[in-house]
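Only the coordinates and a few stated rules stand behind these numbers; no lab work does. Just so we're clear, the structure is a prediction, and the values are computed from it rather than from any experiment. FYI the Cβ positions are ideal-geometry reconstructions off the backbone, even for glycines, and counts take in every protein chain you see.
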Amino acid sequence: MTTRLDRAVGAVLGSAVGDALGAPYEFGPAGELDARGSEMRGGGGWDPGEATDDTQMAVLVGESLLDHGGLELPDVFDRFRRWAAAGPKDIGLQTEQVLTSGDPWDLAAALHFQVNARAAGNGSLMRASTSAVFFAAAGQQATMDAARRLAALTHGDPAAWEGTALLHELVRAALDGADPLERLPQALSAVAPEQRERYDRVLAPDWHPGLATEFNGAVWPCLGSAVWALRTTAGFPEAVRAAVNLGGDTDTVAAVTGALAGARYGREAIPPEWTAPLHVPLPGFGDRVLDARSLHDLATRLAGAA
Ligand SMILES: [Mg+2]
């Protein structure tokens with residue numbers, strides 16, 4: 001029997017293994033994971049099992065939430081900035097611009113959005129696993145509100161806020177033992193009305209990644225693809241493999257899929273051969289490198305903290 005704690009650990013660990021599994025294929029064509037015929041072997045500058053910025057930022061969020069017993073946005077932003085300044089191997093273009101702008105935490109993303117007009121990347125979606133676990137017990141509204149505020153630290157576009165809020169809510173549903181796909185209509189009804197139509201479209205039962213109108217580095221097709229991967233498969237590894245095999249922003253689509261599928265199926269569903277080599281360097285924070293055991297502990301503390 002899968003417990004709530006198993007599902008919380010599954011969300012955090014699942015997102016991290018998805019990130020690491022997808023990392024070598026980032027910006028590549030579809031089907032590369034299947035074509036290679038072996039998994040977690042690294043490549044493209046990544047060691048086997050090495051997690052990227054998605055998981056690194058998720059860890060920073062989770063540790064801030066625990067250290068402060070809740071949402072302390074300036075502290076999260078400071079941790080992001082310290083990490084960005086240390087030169088992580090990978091960092092989203094927009095996230096980097098916002099974090100290195102020198103602007104204050106409550107203005108940096110908004111100013112960037114004002115100048116660039118488009119900021120609906122998947123960079124706030126990718127780091128959602130830890131905060132989704134932390135806030136789940138506080139209910140739907142508190143979860144979605146916290147998600148929006150965390151997203152807004154780096155993304156000024158409300159589309160990114162709403163997508164991140166949706167993902168948090170779907171993870172929350174899964175932790176409750178519900179099927180997140182069945183909770184989709186309810187979650188969508190809590191999305192800001194002016195953002196709802198595009199999410200209705202990419203989360204509809206008949207949507208598939210072939211219908212995407214943007215690269216999957218954008219928030220809508222990224223979330224849509226993760227939900228599609230969950231919907232069209234019957235287990236954790238199958239869902240995450242499907243996400244990586246889409247090509248494009250493989251680490252992030254798989255990190256989002258892994259958070260959902262890990263919450264849905266629980267930590268036991270995650271292949272041990274994927275967690276064994278898993279490691280998360282934390283640039284800017286000494287020589288710290290988290291392994292699967294430390295992510296498990298982090299998730300456990302997040303699940304019990306709220
Ligand atoms: Mg990444």
Output the DSSP H helices from the chain with an along-axis C-alpha extent of no less than 20 Å and a mean Kyte-Doolittle hydropathy no less than 0.0.
4-22, 53-68, 158-175, 250-265
Just check region 16-86 against the gyration tensor rule for me: Cα atoms, a ≥ b ≥ c as the square roots of the eigenvalues, rounded for a/c under 1.5, and otherwise prolate or oblate depending on whether a/b exceeds b/c.
prolate
Whole-percent pair-distance distribution, where bins are 10 Å wide, for the alpha carbons of the chain
7, 33, 40, 19, 1, 0
Counting Lys and Arg as +1 and Asp and Glu as -1, each charge on the Cβ, what is the dipole of the chain about the Cα centre in debye, to the nearest 20?
320 debye
Any residue on another chain or 5+ positions along whose placed amide H is under 5 Å from the amide H of Glu39 is listed here as none
Amide H neighbours of His279 under 5 Å, counting only residues 5+ apart in sequence or on other chains, H built in-plane at 1.01 Å?
Glu50, Ala51
Note down the nm distance, to one decimal, between modelled labels 7 Å out along Cα→Cβ at Glu182 and at Ala305.
3.1 nm
Is any residue of region 232-267 close enough, with backbone N under 19 Å, to a label point placed 7 angstrom from the Cα of Ala35 along the Cα-Cβ axis, and if so, which?
241-254
For region 128-150 versus region 60-107, the gap between their alpha-carbon centres in whole angstrom
17 Å
CD proxy, 222 nm, the chain: helix-only mean residue ellipticity via -39,500 (n - 2.57) per DSSP H run with n ≥ 4, per residue, nearest 500, stands at -17500 deg cm²/dmol
The answer for the net charge of residues other than Ala229 whose Cβ lies under 9 angstrom from its Cβ, with Lys and Arg +1 and Asp and Glu -1, is +1
Output the relative contact order of region 152-306, whole-number percent, from Cα pairs under 8 angstrom with separation of 6+ residues.
17 percent
Once R0 is set to 22 Å, what does the formula 1/(1 + (r/R0)^6) return for the Cβ-Cβ distance between Arg149 and Leu93, expressed as a FRET efficiency to the nearest 0.05?
0.50
Distant-in-sequence amide H partners of Gly28 (H built 1.01 Å from N, under 5 Å):
Gly248, Thr250
For the chain, what's the relative contact order in percent, using C-alpha pairs closer than 8 Å and at least 6 residues apart?
34 percent
